[in-house]
Amino acid sequence: MPDTETPGALVLVVEDNPANMMLVCDVLRRGGFRTAQAHSTNEAREQIAAAEPALILMDIQLPGEDGLSLTRALKAAPATSHIPIIALTAHAMKGDELQAREAGCDSYMAKPIDTRSFAAFVADFLSAPVRNS
Ligand code: MN
């Protein structure tokens, strides 16, 4: 659920691994963002309907429907196609980035995240005047 105590843009983190979720949200909050959490694509859909995020961080590997499938659905829907999505994947494998971009992800990052630069990366991404899809 959204954290409404702190100011800042709302970032939805879609991640099924509890440790990764905690780490990413902690880093984002320290960077001044509000965070919402989804551990599955169903939860992500509920969160997006409840409060539109400024950005989605999308784990690709999820149980059941994966992050690429949800990305395709969000990018195909007029109500959500404008929401930027950064793919997060555990495997820095060749082809992962291409797959993520073909699904409609606006950017891509291999896990583990760099906790010292991650919030700045997200802030820079949100302030970029032009995004290429
Ligand atoms: Mn995962």
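General observations
- Rounded if a/c under 1.5, otherwise prolate or oblate - the chain, Cα gyration tensor axes: rounded
- Kirkwood-Stokes translational diffusion coefficient of region 18-94, alpha-carbon pairs, 4 °C, 1.567 mPa s, µm²/s: 99
- Between the amide H of T35 and those of D3, V11, distances stay under 5 Å, these residues lying 5 or more places away or on another chain, with hydrogens modeled in the peptide plane.
- Spin-label proximity, A51 to region 14-38 - amide N less than 19 Å from point 7 Å beyond Cα toward beta carbon: 14-15, 21-38
- Straightening the chain between Q99 and E65 buys 10.7 nm, computed as 0.36 nm per residue apart minus the Cα-Cα spacing.
- Backbone geometry of region 43-50 corresponds, through the Karplus equation with coefficients 6.51, -1.76 and 1.60 at θ = phi - 60°, to 3J(HN,Hα) couplings of 4, 4, 4, 5, 5, 5, 5, 6 Hz, x marking Gly and Pro.
Every number here is computed from the coordinates shown, using simple stated rules; none is lab data. Just so it is clear, the structure is predicted and the values come from calculations on it, not from any experiment. Backbone-built Cβ (ideal geometry, glycine too); neighbour counts: all protein chains shown.
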